[in-house]
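Only one structure is covered here, and it is reproduced in the block below.
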Amino acid sequence: MSYDGVPGLVETKVAHGETTLVVDPARLIEAALHLRDEHGFGFLSDVSAADYLGWGEQQVAGYLGTTAGRDINQPGTNGLARRPAAKPKRFSLSYHLLALRPGAPRVRLQTWIDDGEPVESVVKVWPTADWHEREVWDLMGVNIVNHPNRVRILLEDDWEGHPLRKDYPVGGEPVRFSGEE
Amino acid sequence: MATVERRTKPIYEGTRIPSPVPTILAVPERLRANDDIQQINFGPNHPSTHGVLRLVVDLDGELVVGLRAVIGYLHTGFEKTMEQKTWWKCITYPERIDYLAFQSNELVFVLAIEKLLAMEIPEKATWMRMCLLELNRIHSHLVWLGTACLELGAISMFWYTFRERDQILDLFEMVCGTRMHTRYFQAGGLAEDIPEGFYEEAWKLVAQMPKGVDQYEDMIDQNRIWLERTKGLGLLSAEDAIALGQSGPALRASGVDWDLRRDQPYLFYDRVYFDVCVRENGDVWDRYKVHMDEMRQSTRIVAQCLEQLQKLDDGAPWIADDRKVVLPPREELHTSMESLIHHFKIVTEGYRVPEGEVYVTIESARGEMGCYVVSDGGAKPWRVKFRAPSFVALQATATCMNDALIADMIAIAGSLDTVMGEVDR
C-alpha cells in the first residue's frame, strides 16, 4: 500500500520489514486522521519517545555478518569503529499503529522534535493515547499540547526532571527519609 | 456446562468512554450540586487490587459515579536501567516487569534483538519457546482465575488452580532451575538444552489440564453468586475496546476476533492448530469464559509442540551457531583459544547489535505485548520501551465501571487481568 497521500509526509523508511512514516510535527493530527480513516489504522498500539542527545558522539564498533553466521577465523568481523548516522532533531516520537484486518498491517508514524517544541495530542484520534502521552510527558518531557489531562502518571506530581532523558543523572536522586536530603 | 445466550445486537448503543478525558469518569453536574457524593480511596493497599493500584471513586450511595485511576506506585525505571546494561544482561529485566507472564515478556525482548541481528533460530528452540509460552499463558490464567474468585469470596478455587500452577512451575524449574523469572531464552535460542524427563512430565500436565479446567467450570459455572456477580457487568463494546486499545482476552470477550498468534504469526504459530476464543457480550462473565477456553487451546498447542519436539533428534541444536552473539559450548573453552576469546568478549563487553529501531509484538497472556528497541550499534540498547497490555487495560476502568456498584468494582477490575508490575514498569 502506498502512503504517499499522508499529509505532511517527510520521509518513508522501510527497515527490518517495518514501515516508518516521518511526518512534520505541525501536521501530525492530519496525518493521524488520514491513517486512521483512509488506511484503517484504528488501533494505536503504543506511543514511544526516544531521546537522541549524545547520539553519534561516541564511536561504536559496528556489527558485520550475514544471517548464515560468521567465520570465527576471519579477523575483524566485529566491524570497524564508526559513528551512527546523525538524527534530525533531539527527540523522536513514534506512534505504532495497527489495522485490525487480515495481514495485520503495521506502520510507525514518527515525528521529530526539539526540546520544548509542542506536539498536538492525538487523544481525539485514538482515546487510548491518553495514558501513553502522559507517560511520554512524565518520563521524557515531550511537550504534548491540548491533552485533556496532561499530568504526571508514573512519578509524583512534584517530581523534578524527566528521568528517561539522556542528561538525567543515574543514581543521583535524593532518597526520601534517609537524612541526606 | 451452562450456556450463554448469544446476542445479535451490539451490547449498547453509542460509546461509554467518558469525555473529555477517556480515562476519568467525572461526577455529573446534577449530582455534584447535592452534597451527597462521597469520595473514597480504593487502594493503593487494598488486597484485591492485584498489586498497588489506587482508584479514587466518587459514590452516590453504592453507585460509582466518578472514577480516576492512579498508578505509578511500583514504578522502578526498568527502561532506564536497561539503557545502562549490555544487551545480554538486559534479558533478565523484562521478565520482572510482569511476574505472571514472565516468559512472554522475555521473548518479546529477545525477538527484538534477534530481529535487529537478523538471526536464524534452530527449530528445536522455536518449538520449545512456543511450548513454554503456552505453559506460561496457562500459568498466568490460572493465577488470574484463582485470585479473581478469591476476591469474590470463592476461596476454594484458589487451591485448585494452584495445584496445576505448581505442576507448571515444576516444569519451569526442571528446565531452567528457577520457578519464576526463568531467563531461559537467549538471543539465538535457548540457554540450555531441554533436560531429560521434561517431555514425560509435560505430557502428564497436558493430560491433567483439560480435566482441571472442566473441574473449575463445574465449581463455579452453576454457582448463583458467581453468575450474578459476573453476568452483564463491566460492559465494554467492541468499538470502545478498540478505541481504548484493549487487547487479549478483554478484546476477544467484546466480540473482536483478533489474536496475534493467528493474525500475525510469529514463532511456529502458523504450523499448529488452535481456535481463537471469542465471546460477544463484553462483560466479566465473557472475560472469564475466554480465559477458560484459552487454557484449553493452550493445552492443545503444548501437546503439538511436544509432539514436534520429540520428532527431532536428540542432538538437534537448541541455539544458533553464531559465535559473535552466542556463548561457545562449555567444553570448547578447555581446548579452543578462539572460543575462550569469544566467551570473554561476550561476557565482558557484550555482543553488539546493529543500528536501527524495531517494534516487535506478541500475544502475551494479557494481550498485545510490544517492545520498541533502538540501537546505535553498540553493546547497550539506546532505548527500550515496552507496550504493556496491563497499562492499556487499566485505561478501560472508567468505561467499564460507569454506573457499577462499589462491590462490583472488584469483579470488574479483576476481569481486566492487570499485573501492576507491568503497568508501572
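See the values below:
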{"quantity": "Near pairs, Cβ below 7 angstrom, 6+ apart or cross-chain, from region B:117-130 (within 14 Å of B:Lys311 (Cα to Cα) and modelled with pLDDT of 90 or more) to any residue that is assigned to a helix (DSSP H, G or I) and of a type outside the set (Asp, Glu)", "calculated": "B:Lys124/B:Leu309; B:Trp127/B:Cys305; B:Trp127/B:Gln308; B:Trp127/B:Leu309; B:Met128/B:Leu309"}
{"quantity": "Considering residues of region A:141-181 that are surrounded by fewer than 20 Cβ atoms within 10 Å (Cβ to Cβ) and touching a Ser or Thr at 6+ places or on another chain (Cβ under 7 Å) only, the residue nearest to the other protein chains (Cβ to nearest Cβ)", "calculated": "A:Asn146"}
{"quantity": "Flag if B:Leu340 is in contact with a helix residue (DSSP H, G or I) (Cβ under 9 Å, 6 or more places away or on another chain) and over 18 Å from B:Met128 (Cβ atoms)", "calculated": "yes"}
{"quantity": "Hits in region B:114-150 (condition: farther than 28 Å from B:Tyr351 by Cα and among the hydrophobic types (A, V, I, L, M, F, W, C))", "calculated": "B:Leu135, B:Ile138, B:Leu142, B:Val143, B:Trp144, B:Leu145, B:Ala148, B:Cys149, B:Leu150"}
{"quantity": "Test set (1) modelled with pLDDT under 90; (2) buried (at least 24 other Cβ atoms within 10 Å of the Cβ); (3) among the polar types (S, T, N, Q) - B:Asn223 fails condition number", "calculated": "(2)"}
{"quantity": "Residue match in region A:156-163 (condition: in contact with a strand residue (DSSP E or B) (Cβ under 8 Å, 6 or more places away or on another chain), modelled with pLDDT of 85 or more and assigned to a loop (DSSP other than H, G, I, E, B))", "calculated": "no"}
{"quantity": "Single residue of region B:9-38 satisfying the filter (among the β-branched types (Val, Ile, Thr) and either assigned to a loop (DSSP other than H, G, I, E, B) or over 23 Å from A:Asp130 (Cβ atoms) (or both)) that is farthest from the chain's Cα centre (by Cα)", "calculated": "B:Ile37"}
{"quantity": "Qualifying residue in region B:36-55 (condition: more than 14 Å from every other protein chain (Cβ to nearest Cβ), under 16 Å from B:Cys400 (Cα atoms) and surrounded by fewer than 16 Cβ atoms within 10 Å (Cβ to Cβ))", "calculated": "no"}
{"quantity": "Selection count where residues are in contact with a Gly (Cβ under 8 Å, 6 or more places away or on another chain) and assigned to a loop (DSSP other than H, G, I, E, B), scope region B:275-313", "calculated": "6"}
{"quantity": "Count of region A:112-140 residues which are part of a loop (DSSP other than H, G, I, E, B), in contact (Cβ under 8 Å) with a residue 24 or more places away in the chain and surrounded by 19 or more Cβ atoms within 10 Å (Cβ to Cβ)", "calculated": "6"}
{"quantity": "Filter result (away from chain A (no Cβ under 14 Å) and surrounded by fewer than 17 Cβ atoms within 10 Å (Cβ to Cβ)) within region B:258-273", "calculated": "B:Phe268, B:Arg271, B:Tyr273"}
{"quantity": "All positions within region B:248-257 that are surrounded by 24 or more Cβ atoms within 10 Å (Cβ to Cβ) and facing chain A (nearest Cβ under 10 Å)", "calculated": "B:Leu251"}
{"quantity": "Check on B:Glu331, touching an Asp or Glu at 6+ places or on another chain (Cβ under 8 Å) and more than 27 Å from B:Val143 (Cα to Cα)", "calculated": "no"}
{"quantity": "Residue count, region B:302-332 (criterion: within 17 Å of B:Gly197 (Cβ to Cβ) and over 32 Å from the mean Cα position of the chain (by Cα))", "calculated": "0"}
{"quantity": "Helices (runs of 4 or more DSSP H) contained in region B:314-425 and holding at least 2 residues among the small types (Gly, Ala, Ser) and either surrounded by 23 or more Cβ atoms within 10 Å (Cβ to Cβ) or more than 7 Å from chain A (Cβ to nearest Cβ) (or both)", "calculated": "B:389-393, B:406-415"}
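The rows are residues; the columns are (1) β-branched (Val, Ile, Thr); (2) touching a His at 6+ places or on another chain (Cβ under 6 Å); (3) not in a helix (DSSP H, G or I).
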site: B:His139; (1), (2), (3): no, no, no
site: B:Val143; (1), (2), (3): yes, no, no
site: B:Thr147; (1), (2), (3): yes, no, no
site: B:Tyr160; (1), (2), (3): no, no, no
site: B:Asp193; (1), (2), (3): no, no, yes
site: B:Ala202; (1), (2), (3): no, no, no
site: B:Val206; (1), (2), (3): yes, no, no
site: B:Pro210; (1), (2), (3): no, no, no
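Condition check ((1) loosely packed, with under 15 Cβ neighbours inside 10 Å; (2) more than 11 Å from chain B (Cβ to nearest Cβ); (3) at pLDDT 90 or above) across all residues:
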site: A:Gly17; (1), (2), (3): yes, no, no
site: A:Ala31; (1), (2), (3): no, yes, yes
site: A:Ala49; (1), (2), (3): no, no, yes
site: A:Gly62; (1), (2), (3): no, no, no
site: A:Gly69; (1), (2), (3): no, no, no
site: A:Ala86; (1), (2), (3): yes, yes, no
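The values are calculated or read from the model by the stated rules, or taken from the named source; none is laboratory data. As the structure is a prediction and not an experimental result, all values here were calculated from the model. Cβ coordinates were reconstructed from backbone atoms using ideal geometry, including for glycine residues, and neighbour counts include every protein chain displayed.
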